[in-house]
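Engineer: Dropping the structure in here first, questions after.
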Amino acid sequence: MVSRRAATDPSADQSAAEQAGRLPQLPAVVVGRVHHVRYRPIRYAFNHRHQQWLIDLDAGSGVPTWLGRLTDVRPDQHLDSPATWAALKEQVLAIVAAEGVALRDVARVVMLAQAHVFGHVFDPLTTYWLLGVDGQLRAAALEVRNTYGGRHTYVLVPDGRGRAEVGKEFFVSPFNDVSGRYAVRLALSPQRVATSVALHDDKGPLLLAATWGNPVPATKRRVLAELVTAPLMAQRVSILIRWHGIRLWARRLPVRTPSEVHR
């Protein structure tokens, strides 16, 4: 399923747009933090070290075969499991075009994703930036996964500050239904890469999920260093999602199932 909304604020910040036109050296490892806040009915927050990869879909990860056995980002772990990076780019463009977004001058698609480590990956949120020939952001896509094996793609047309809104349509957390709207903010520059998603309902802010970090070139030395300093990152993501869910359940936050939500 796919959904799309245009940005709610049509104003453009020229300096932010100019900054967004500059890209980090790709492929890059984005080393930073993941931050979640639940505002109600129980206040709950966490902040962890996080690592993602930033890749131009025309070039791929560039990881040699021997290192790819330890960690890599693969196209077949996204969308409809395409076999090549070129096919993944075609799928992203087709999804966005199907929502009526004009793509005639889109030159590059840049993806922020979780790598698999020792054969395991769980990527809750993959972000795709669709960039024009001038390097400016034309559209974006958010590929969302849940722990039930489902996935959904939201298509966005952000404003000049990287902001957009979209209605929630996909069941993610067992503690929320599918009502409300997401306020999204994206950043892509040589100094900072970030995706922020805030969920609001008719009572106000409900939760915030954000990742941010500094992109550094994904050299073999850097990738190996990350495997040593932050081992089993993919496994850690899966474990932490379930651990925080258990803690919320233990505090008696009501649990919903996909079948209950979609009745």
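Engineer: State, to one decimal in nm, how far the label point of Arg22 lies from the label point of Val37, with both points 7 Å from Cα in the Cβ direction.
Structural biologist: So the label points at Arg22 and Val37 sit 2.9 nm apart.
Engineer: I've got another one for you. So, counting K/R as plus one and D/E as minus one, what does the shell of residues with Cβ under 10 Å around Ala210 add up to?
Structural biologist: After counting each charged neighbour, the total is +2.
Each value in this text was obtained by applying a stated rule to the coordinates, not by laboratory testing. Just so it is clear, the structure is predicted and the values come from calculations on it, not from any experiment. Reconstructed Cβ throughout: ideal geometry from the backbone, glycine too, with neighbour counts over all protein chains shown.
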